[in-house]
Amino acid sequence: MNEKYAPAEVEAAAQSHWNATDAYRVVEDDTRPKFYACSMLPYPSGKLHMGHVRNYTINDMLTRQLRMKGMNVLMPMGWDAFGLPAENAAMKNKVPPAQWTYSNIAHMKGQMLAMGLAIDWSREVATCQPQYYRWNQWLFLKMLEKGIAERRTQVVNWDPVDQTVLANEQVIDGRGWRSGAPVEKREIPGYYLKITDYADELLSAVSNPEDPNYLAGWPERVRLMQENWIGKSEGVRFAFTHDIRDASGALIGDGRMWVFTTRADTIMGVTFCAVAPEHPLATHAAASNPTLAAFIEACKAGGTTEAELATKEKEGQATGLFVTHPLTGAQVEVWVGNYVLMSYGDGAVMGVPAHDERDFAFAKKYSLPIRQVIAVEGEAFSTDAWAEWYGDKPRARCVNSGVLDGLTHKEAVSKVAELLAAKGLGEKKTTWRLRDWGISRQRYWGTPIPIIHCESCGPVPVPEKDLPVVLPEDCIPDGSGNPLNKSEAFLKVDCPCCGKPARRETDTMDTFVDSSWYFMRYCDPVNDQAMVAEGTKYWMPMDQYIGGIEHAILHLLYARFWTKVMRDLKLVQVSEPFTKLLTQGMVLNHIYSRRTAQGGIEYFWPHEVENVFDAGGKVVGAKLKSDGSAVDYGGVGTMSKSKNNGVDPQELIDRYGADTARLFVMFASPPEQTLEWNDAGVEGAHRFLKRVWAFGAKNAEALKRATAGDLSQAALRAEAKALRREMHLVLRQMSHDYERMQYNTVVSGCMKLLNALEGFKPDGSDGDTAVLCEAVSVLLRALYPACPHITHGLWTELGYAARLGELLDTPWPAVDEAALVQDEVELVLQINGKTRGAVKVPAAADKAGIEAAALASAEFAKFAEGKAPKKVIVVPGRLVNVVV
């Protein structure tokens, strides 16, 4: 074998062998326990980044070690291939999104192959392929039949230049992120999936440990994020009555303006009401009030989420309209507030400025009354500044509230509900922050929604026999709206009901649809007769899901919802798709930049600069290596091509090999924590692998002819026994660390074991050679999941493959408890409490034997200076202290 480690040769040979033997193809096998481990599928952006490398190596280590433990392990891979980035790239490069996407898939797959991942590529899927997205369409039609999907209108962000709906994060300062055009609020039709029908079940599994489907294997913070997003609120929905009529003389909203509150105990503190800019009362008032109309138009710029509105300054305009308080009969002024969403609740809120921080700020700004109706004994109330003091404190009681005075929060809410119900104006109600999932996108590169529009029949579902509705792959978006609207070949179709000329729906599905069930398709990837089949019954639920915390809400929530729909349609037997979830930390690197003369920001690669340190060794700046000019240091942040702080995995693989890249990202930090990039750490990982190879080469001849056998009862010299004990101690810890997926300490264990091997000096005896053989086999098996190429190479070169079989299927080593038993133990020797050396005693020695050994030691004779011992203190397993 080569004496020097040559990563390119070693990795090429290993991958050639795995390909030739189809090593990673997985089939259902009832004779072994199954384990389904899956990383979130990537978007084919063109290049892998180090975050991908880390994610997939975590999965790969898990997969390989569990396979060694006798499990039937599946690790598939696919591509989340639809989406807006492909359209943007198409406009920039003037090529169809399909061409850009498939090219990127090919490149990224090549990078994955270079990493040596144990992926079963026979199960590969790409969500932009008709054989995949036909099942998106098929299930959508089933949802339509069941009433889970429906067509309705909703207010959206509309870019009038790009002719498309924008997500809230694509609206920047009221303008479209790409076109720069002022964004309009439009009410347009689209298709919605009733995820709210499953709100209780979705909530219970993340919040109720008694639920049989409780997701105990998920991080607590992810469960909490989902719980907050679902947002269950129990309160009272009630109406303020009015006599406001439209131009035709009809009462607006039947003379009732509905609101919902979780704090009905504060109802007597209402001093104003606020409605959304789109509320019918606001529209009515604006018709005769140009100032209000202008304010409403201004409100339409910007996002439509609670999160965005929460950070905006609260602004409003009086409408000149009044509604009637349902309990007091008082007239309450109606305002339009930019913080009120029409899509949440009924688009109106009651204003209680004394006991709501948002209402307090609004009232102070517009000099509206602030009326205290909750008091806490011993705490003074003030309108000077907001204080979070009233809440649900045990000592809080209603005041200035008539029949509610003296009641607690809970008592008052029940009383208010009772009074409102008697008037027919309200009742207790549960509401949800969760909203139905709008899946319609006015974009080209996505799953076509299988609907045909007929002038006579209206929207008609595409017959199942005509699926898939195939998306043409030759369109090139030009920024003037969805190109499907210009594709006559796609648009023109006969109505399935009446046969008259009709047109296809050109909206495509939200790409979250694609990622909501791909993990199911991996189980039956080539079945063209069913969405899922027997494979799903075998593999689901997934045992371990791995992905970034950025997907903790929407992707995971939609996947859970989609699974429950499939269950109710008798397609699968599981209620929750993911048993355990690991959210790996991000990979960080240093950021260097400076302002340009034009006011922009120019970023520099870390290798282009030298750090400047203060007296304490802290980085306070940097300078360019090229000319010494100053550069600002921005600390560490997520790797990004836009900030020139990414590291190309291919460069790392070309220079050091894939195993070095894998080893570094596993060793640098625990999987769930962030990883700070460190070039020195990469060099260190490479040096370690060179040491592993060098040790194998040095001992190759001895290892080839050695046979470990059962050494538990073998007569070994002390040095060999010590190595075996160290080896099995480290193995026991590494086995535990593998179980808890703490792969950084697994790597530490491998380093510790190599140190022990390098320190062992075999005497050439059969016993020493056998121990050496056993220890190296443990090292290679423990290191293999992190570094499969080098360990495969050494396993073969050193003769283990011939004796024990393929490394990937060699059983995980068992700890020999007998090896952990010591014949002798070394105790610290103290004289009058001061450490003077050590004393070795038989492991089974009693107190008297330990005392005798201590008094017979040369250290005692030297430091006792002839004095007789007064007392001997023994701390078993640790020390012996002689007092003289």
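Values quoted throughout were computed directly from the atomic coordinates according to the rules given, and no laboratory measurement underlies them. Predicted model, so just to flag it, every value in this text is computed and none were measured. All Cβ positions, glycine included, derive from the backbone under ideal geometry; neighbour counts span all protein chains shown.
For every helix of n ≥ 4 consecutive DSSP H residues, a contribution of -39,500 (n - 2.57) applies; sum these over the chain, divide by its total residues, and give [θ] at 222 nm rounded to the nearest 500 deg cm²/dmol.
-10500 deg cm²/dmol
Here the label points at ASP679 and GLU824, each 7 Å from Cα along the C-beta direction, are separated by 4.9 nm in the simple model.
Taking amide H as placed 1.01 Å from N in the peptide plane, ARG836 has its amide H under 5 Å from the amide H of LEU829, GLN830, ILE831, each at least 5 places away in sequence or on another chain.
For the chain, the longest principal axis of the alpha carbon atoms and the long axis of helix 766-783 meet at an angle near 10°.
Per-peptide packing, taken as the mean over residues of other Cβ atoms within 10 Å, places 101-113, 53-65, 531-543 in the sequence 53-65, 531-543, 101-113 from highest down.
DSSP loop (so not H, G, I, E, B), at most 10 other Cβ within 10 Å: list which GluC sites (Glu not before Pro) in region 376-477 pass both filters.
Sparse-neighbourhood loop GluC sites (Glu not before Pro): GLU377, GLU388.
Seen from LYS194, the other residues with C-beta closer than 14 Å to its C-beta sum to a net charge of -1, counting Lys and Arg as +1 and Asp and Glu as -1. Taking amide H as placed 1.01 Å from N in the peptide plane, THR164 has its amide H under 5 Å from the amide H of ASP159, each at least 5 places away in sequence or on another chain. Region 232-432 gives an Rg/Rh value of 0.96, both radii derived from C-alpha positions and Rh following Kirkwood.
Footprinting exposure proxy ranking of ASP632, ASP528, ASP265, ASP510, fewest other C-beta atoms within 10 angstrom first, gives ASP528, ASP632, ASP510, ASP265. Among THR596, THR563, the ranking by other beta carbons within 10 Å of each residue's beta carbon, starting with the fewest, stands as THR596, THR563.
I want the local charge near SER16. Using Cβ-Cβ distances under 14 Å, sum +1 for each Lys or Arg and -1 for each Asp or Glu among the other residues. Charge balance near SER16 sits at -3.
By the count of neighbouring beta-carbon atoms within 10 Å, fewest first, GLU550, GLU576 end up ordered GLU550, GLU576. Relative contact order (percent) for region 196-236, with alpha-carbon contacts under 8 angstrom and 6 or more residues of separation? 36 percent. Here region 665-820 was treated as a single set of alpha-carbon atoms; its pair distances binned every 10 Å from 0 give 10, 41, 36, 11, 2 percent. Backbone amide hydrogens, once placed in the peptide plane, bring ARG175 within less than 5 Å of VAL183, excluding anything fewer than 5 places away on its chain.
Could you work out the relative contact order of the chain, using alpha carbon pairs under 8 angstrom and six or more residues apart, expressed as a whole percent? Write out the running numbers ahead of the final one.
On the way: 1595 pairs, mean separation 120.0, N = 884.
RCO, the chain: 14 percent.
When peptides 583-589, 871-877 are sorted by average Cβ neighbour count within 10 Å, with the highest value leading, the order is 583-589, 871-877.
Can you give the local net charge around ARG594? Use residues other than it whose beta-carbon is closer than 15 angstrom to its beta-carbon, Lys and Arg +1, Asp and Glu -1.
Working: positive: ARG595, LYS623, LYS625, LYS643; negative: GLU602, GLU608, GLU610, ASP627, ASP632.
After counting each charged neighbour, the total is -1.
Here the Karplus relation 6.51 cos²θ - 1.76 cosθ + 1.60, evaluated at θ = phi - 60°, turns the backbone of region 720-733 into coupling constants of 5, 4, 5, 5, 4, 5, 4, 4, 6, 5, 5, 4, 4, 5 Hz, with x for every Gly and Pro.
Per-residue 3J(HN,Hα) values for region 87-100, derived from phi via the Karplus relation 6.51 cos²θ - 1.76 cosθ + 1.60 with θ = phi - 60°, read 5, 4, 5, 5, 5, 6, 9, 6, 10, x, x, 4, 4, 4 Hz in sequence order (x marks Gly and Pro). Across the chain, Cα-Cα pairs more than 50 Å apart make up 38 percent of the total. Taking only C-alpha pairs under 8 Å that are 6+ residues apart, what is the relative contact order of region 587-638 in percent? 41 percent. Its Cα centre serving as origin, the chain has a Cβ charge dipole (Lys and Arg +1, Asp and Glu -1) of approximately 1040 debye.
The phi torsions of region 585-597, fed into the Karplus equation with coefficients 6.51, -1.76 and 1.60 and a -60° offset, translate into couplings of x, 7, 9, 10, 8, 5, 10, 10, 7, 6, 6, 7, 5 Hz, rounded to whole numbers, with Gly and Pro shown as x.
Overall shape of region 824-883 was characterised from the C-alpha gyration tensor. The equivalent ellipsoid obtained from it has semi-axes of 17, 11, 10 Å, in decreasing order.
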